[in-house]
Structures are given as structure tokens and as C-alpha cells.
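The values are calculated or read from the model by the stated rules, or taken from the named source; none is laboratory data. Treat the numbers as computed from the prediction; the structure is a model and nothing was measured. FYI the Cβ positions are ideal-geometry reconstructions off the backbone, even for glycines, and counts take in every protein chain you see. To get the accessible areas, we keep the full protein, side chains included, count just its heavy atoms, and leave off ligands, DNA and RNA. Shrake-Rupley method; radii C 1.70, N 1.55, O 1.52, S 1.80 Å.
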Amino acid sequence: MYNKLMQCLRSVREKTDFVPEVALILGSGLGDYADGIEIVDTVDYSDIESFPVSTVPGHRGRFVFGYVEKTPVVIMQGRVHYYEGYDMKDVVLPTRLMGLMGAKKILLTNASGGCNPDFRVGDLMMITDHITTGVPSPLIGPNIDELGLRFPDMSQVYSRRLHQIIRSCAQECGIDLKEGVYVQFTGPNFETPAEVRLARIWGGDTIGMSTACEAIAAHHMGMEVCGISCITNLAAGISKTAITHEEVQETADRVAHVFRELVTKIVVRM
Ligand code: HPA
């Protein structure tokens with residue numbers, strides 16, 4: 001795996017020598033965020049040797065390098081999902097690669113279904129912790145000693161320092177930011193109402209199909225991690241209607257302008 005990562009890194013380095021400080025993985029609705037920054041370089045995933053390529057419509061596949069104000073960033077435009085059929089190690093390969101490119105901090109965003117009854121469709125939730133009981137750990141397999149420990153501590157995956165920054169940025173944007181626990185399931189099917197009740201009993205506030213695995217891989221290699229989830233729908237059983245990808249996309253697009261403003265504020269200060 002380390003050799004594969006190094007091959008990817010060499011492949012990227014043949015195309016750009018840009019060194020990012022912050023890595024961004026942007027979920028539904030924020031796919032075009034990168035188009036609004038000062039772009040220095042782009043590298044298509046398909047041009048990186050051994051790199052997993054996304055198959056989901058609407059997810060573009062490339063790294064965008066550039067500046068959000070003065071902060072050098074790398075944006076993963078289009079993430080890789082476990083439900084596409086990749087091994088979990090490949091799902092987090094891009095996260096690790098961005099870390100190896102030099103990014104010390106990472107901001108993860110996603111769309112999710114709210115299982116906390118106090119949440120409303122369109123709410124933004126700062127991820128304070130996560131549950132990945134429903135998916136394999138990306139750290140299964142031989143440990144990559146060059147990156148981190150065999151048995152890494154997960155008591156504080158999401159940085160307290162970044163929490164403070166996110167709270168104050170949200171306040172400045174006039175956003176009523178929620179906070180809570182993100183539960184990752186595999187997808188691609190949405191959950192049953194019984195699975196949603198389970199997630200709630202576990203202590204989850206919102207459910208999605210990404211992010212937590214990326215947070216584990218990033219934390220493992222010592223990156224400072226934070227994440228924000230857009231509640232695009234109420235989870236199954238709480239929602240009075242069937243959940244559709246269109247509903248998820250529609251809410252994500254509707255909230256995108258506020259989310260974008262928040263992301264910019266956070267990145268500049270993180
Ligand atoms: N469940 C899982 N993933 C999701 C959901 C959901 O309800 N909404 C958006 N992503």
C-alpha cells in the first residue's frame with residue numbers, strides 16, 4: 001500500500017510541485033466549490049497511476065490545487081465511496097495522498113440523513129465524533145508504519161481547536177450550526193427505519209456513506225481533522241416520504257451558497 005501511495009505521489013509530482021496546507025474533500029452540493037477559488041493546477045484522477053476513479057454521476061474526478069485567499073489548498077473534487085466497490089484502503093488513498101502532498105489539516109464535508117429529531121432538512125452539523133461500526137476500518141491490513149501507529153488512539157479524531165474556529169465562523173455567517181455524531185454505513189441503499197433507530201440508540205445524530213473512514217485515515221497519519229455535514233433529508237422512518245438521491249441533491253444544492261461561505265471562512269482560519 002505504501003508503495004502504491006508513493007507511486008501516486010510521484011505521478012502527482014510529475015504534474016505539479018504545489019504544496020497544500022489544507023486538504024478539502026467536498027460532498028454533494030459543493031462539487032463546484034473549487035471552480036470559485038484561485039486555481040493554480042489541476043490533476044485528473046485518471047492521470048494518476050494506480051488511483052481509484054469514481055463512478056458516481058455528478059462526482060468529478062480531479063485534484064484542484066490553489067488558494068483560498070492566502071491559504072494553499074488541495075481540493076478533492078469528487079470523492080471515492082466504499083459502495084462503489086473499492087477496498088476501504090483505496091477509498092482513503094486520496095486522503096492519505098493529500099497528506100503526503102503536505103496537507104497538515106483536512107476539512108471533510110458530506111450530505112447526510114438526520115436521525116436526531118431536533119434536526120431540520122438543510123441544517124449544517126459540525127461532526128464532533130463518529131461511529132464506523134457498520135463499515136470496515138481503512139486501517140485493516142498490514143500497518144503502514146511510515147504513516148502511523150498499528151493501534152492508533154481515536155479519543156479525539158476531530159480537532160477541538162478546529163471546533164472552536166468552526167463555531168465562530170458559523171456564528172459570523174449567521175448559521176445555526178448543529179453539532180453531533182456522524183454514523184457511517186456502507187450504502188448505496190439508504191437505511192431501513194430499524195437501522196436508523198439503531199443509529200440513534202448508538203448515539204448517532206446523522207447518517208451517511210462517507211467521511212468517517214477518511215477521518216480515521218487522516219487522523220492515523222497525524223493530520224488535524226474537522227468535518228461538516230449537510231442534513232439533506234430526515235433519515236428513513238423519520239422522513240414521511242421515501243428518500244431519493246434527487247432529494248439529497250436538491251437540498252445540498254439549495255444550501256450550497258451558505259455552506260460555501262462557511263467553508264471559505266473556516267479554511268482561511270484553520
Ligand atoms: N442515509 C445515508 N446517506 C445519506 C442520507 C441518508 O439518509 N442522505 C444523504 N446521504
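Among residues of segment 252-267 that are farther than 12 Å from LEU124 by Cβ, those with a Cβ under 6 angstrom from a residue that is open to solvent by less than 40 Å² (accessible area, probe 1.4 Å) and of a type in the set (A, V, I, L, M, F, W, C), sequence gap 6+ or separate chain, pair up as THR264/VAL68; LYS265/CYS169; VAL267/VAL22; VAL267/VAL68. Screening GLY180, GLY208 for residues that are under 19 Å from ILE106 (Cβ atoms) and either at pLDDT below 95 or among the small types (Gly, Ala, Ser) (or both) leaves exactly one candidate, GLY208. Only one of the numbered conditions (1) open to solvent by 10 Å² or more (accessible area, probe 1.4 Å); (2) within 13 Å of the ligand (Cβ to nearest atom) is violated by ILE216, and that is (2). Within the set SER50, SER112, the sole residue that is small (Gly, Ala, Ser) and under 14 Å from the mean Cα position of the chain (by Cα) turns out to be SER112. For segment 158-182, taking the residues that are under 23 Å from ILE216 (Cα atoms) and part of a helix (DSSP H, G or I), the one that is nearest to the ligand (Cβ to nearest atom) is identified as ILE166.
Return the residues of segment 133-142 that are at pLDDT 95 or above and out of contact with any Pro (no Cβ under 9 Å at 6 or more places or on another chain); say none if nothing qualifies.
Just the residues of segment 133-142 that are at pLDDT 95 or above, to begin with: 133, 135-142.
Within segment 133-142, THR133, VAL135, PRO136, SER137, PRO138, ILE140, GLY141, PRO142 qualify.
Against the condition at pLDDT below 95 and closer than 19 Å to GLY222 by Cβ, how does MET98 come out, does it pass?
On the way: at pLDDT below 95: no; closer than 19 Å to GLY222 by Cβ: yes.
Taking the combined requirement at face value, the residue does not satisfy it.
Among the residues of segment 229-264, which ones are farther than 30 Å from ARG150 by Cβ, open to solvent by less than 10 Å² (accessible area, probe 1.4 Å), within 16 Å of the ligand (Cβ to nearest atom) and modelled with pLDDT of 95 or more? Scanning segment 229-264 gives CYS230, ILE231, THR232, ASN233, ALA235.
When residues in segment 183-202 are screened for being open to solvent by 30 Å² or more (accessible area, probe 1.4 Å) and not in a loop (DSSP other than H, G, I, E, B), 8 of them pass. Here MET101 meets each of (1) more than 26 Å from ARG161 (Cβ to Cβ); (2) surrounded by fewer than 22 Cβ atoms within 10 Å (Cβ to Cβ) with one exception, condition (1). Among the conditions (1) free of Cβ contacts under 8 Å to residues at least 60 places away in the same chain; (2) buried (at least 18 other Cβ atoms within 10 Å of the Cβ), the only one that MET223 does not satisfy is (1). Just one of the numbered conditions (1) of a type in the set (Gly, Ala, Ser); (2) buried (at least 17 other Cβ atoms within 10 Å of the Cβ); (3) more than 16 Å from the ligand (Cβ to nearest atom) is not true of SER155: (2).
Would you call GLY122 open to solvent by less than 60 Å² (accessible area, probe 1.4 Å) and small (Gly, Ala, Ser)? Here the answer is yes, as GLY122 does meet what is asked.
Any idea which residue in segment 163-182 is nearest to PRO117 (Cα to Cα), counting only those that are among the β-branched types (Val, Ile, Thr) and open to solvent by 10 Å² or more (accessible area, probe 1.4 Å)? Walk me through it before giving the result.
Taking segment 163-182 and keeping what is among the β-branched types (Val, Ile, Thr), we get 165-166, 175, 181.
Subsequent filtering for residues that are open to solvent by 10 Å² or more (accessible area, probe 1.4 Å) retains 165, 175, 181.
Working: ILE165: 26, ILE175: 19, VAL181: 13 Å.
Looking at the filtered set, the residue picked out is VAL181.
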